[in-house]
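One structure is given below, encoded as structure tokens.
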Amino acid sequence: MDSGVKKARKPNPRENAFPLSAATFCYTIPMFIQGFKRDLEESDLTETYSKHKSDYLGNKMESYWKAEEERACRKQKKPSLQRVLIKAFGWELMFYGIVLFLSEAIRIAQPIVLGQLISFYTPGQQEITQEEAYYYAAGVVLCSLMNILIAHPYMMGMLHLGMKLRVACCSLIYRKSLKLSKTALRDTTAGQVVNLLSNDVNRFDVAVLFAHQLWVGPIETVVCTYFMYLQVGIAAAVGVLALIMFIPIQFYFGRQISKLRMRTALRTDERVRLMNEIISGIQVIKMYAWEKSFAKLVHTARS
């Protein structure tokens, strides 16, 4: 049997899933039913979703990168990876930003509606009618339902977006590494490329999750502070100001961690380069019995 022959897999159910099915993850139900009946095997795996494949994302990223290089050449500036990422995935990122804004607005509205419903049962109150109480009760249920329908698809969508950013950048780095000239290869070590592909690009998965909090958070803070001020007065503003005072401290520690991270990355590049050279020349090392000397060298690089 030829192990090099690629086995045909079933099409990904996400390809033809309706928007409602994709939002509620109903397209995964057949897989769960199959797993309930028997143990899942490798043959049950489906094809990769077409929009998640490295060739699709790499081609998309490369086309925008070439356009950015031409623009930078005309203006005599360095190409900007940030601008390329925004052009390639900006609309998708903006869509999920709007989704998060709606989700946070619903989360703020829910306790307000619940408070009005509870006020209806206050003895002697005449402001809220029974019909309005029904509306408030329906609002509480609707807010809970909307949170469920929005929060999980948003989280999954942002995780997918982070993955696509990572895969696209990995594909672009790999293609670029194959086109490096001999002059560029002298300044670029294998450790740097390996570190980029294995560590640095993984930051996209985490950074994307909290990207929209940079602008949604301040808006949400102002709105929540206003409603708290209506309820408890100036004490709410004092509490929020105390929290805001910690922001400069977080910025300071963030910059310090960034500096330490940069130093760690340089050491990691050097360590990976050393290990690659040792592995490639392991036969010579064994022949001359240099194991202990190189073991000390590796220990020094790791310490």
Would you mind finding the one in I219, I244, I234, I173 that is surrounded by fewer than 10 Cβ atoms within 10 Å (Cβ to Cβ) and out of contact with any Lys or Arg (no Cβ under 7 Å at 6 or more places or on another chain)? I234
Pair list, Cβ < 6 Å and 6+ apart or interchain, from the range 159-184 residues that are under 15 Å from K60 (Cβ atoms) to residues that are among the polar types (S, T, N, Q) and surrounded by fewer than 17 Cβ atoms within 10 Å (Cβ to Cβ): V167/S54; S171/S54
Got at least one residue in the range 71-84 being closer than 22 Å to A168 by Cβ, of a type in the set (V, I, T), in the same structural domain as D205 (by TED's automatic domain parsing) and buried (at least 17 other Cβ atoms within 10 Å of the Cβ)? yes
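Let's see how each residue does on (1) among the aliphatic types (A, V, I, L, M); (2) under 25 Å from Y154 (Cβ atoms); (3) in contact (Cβ under 8 Å) with a residue 12 or more places away in the chain:
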site: L214; (1), (2), (3): yes, yes, no
site: T221; (1), (2), (3): no, yes, yes
site: C224; (1), (2), (3): no, yes, yes
site: F227; (1), (2), (3): no, yes, yes
site: Q231; (1), (2), (3): no, no, no
site: A237; (1), (2), (3): yes, no, yes
site: F246; (1), (2), (3): no, no, no
site: Q250; (1), (2), (3): no, yes, no
site: K259; (1), (2), (3): no, no, no
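Yes or no, residue by residue, for (1) touching a residue at least 24 places away in the same chain (Cβ under 8 Å); (2) in a helix (DSSP H, G or I); (3) within 23 Å of V193 (Cα to Cα); (4) in contact with a Gly (Cβ under 7 Å, 6 or more places away or on another chain):
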residue: R263; (1), (2), (3), (4): no, yes, yes, no
residue: T268; (1), (2), (3), (4): yes, yes, yes, no
residue: R273; (1), (2), (3), (4): yes, yes, yes, yes
residue: A289; (1), (2), (3), (4): no, no, no, no
residue: L297; (1), (2), (3), (4): no, yes, yes, no
residue: A301; (1), (2), (3), (4): yes, yes, yes, no
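Here's the yes/no breakdown for (1) over 25 Å from the mean Cα position of the chain (by Cα); (2) closer than 30 Å to T264 by Cα:
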| residue | (1), (2) |
| --- | --- |
| V201 | no, yes |
| V208 | no, yes |
| V216 | no, no |
| I219 | no, no |
| V223 | yes, no |
| V240 | yes, no |
| I244 | yes, no |
| I247 | no, yes |
| F251 | no, yes |
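The values are calculated or read from the model by the stated rules, or taken from the named source; none is laboratory data. Values in this document were obtained by computation on a predicted structure and should not be read as measured data. Positions of Cβ are backbone-derived with ideal geometry, glycine not excepted, and every protein chain shown enters the neighbour counts.
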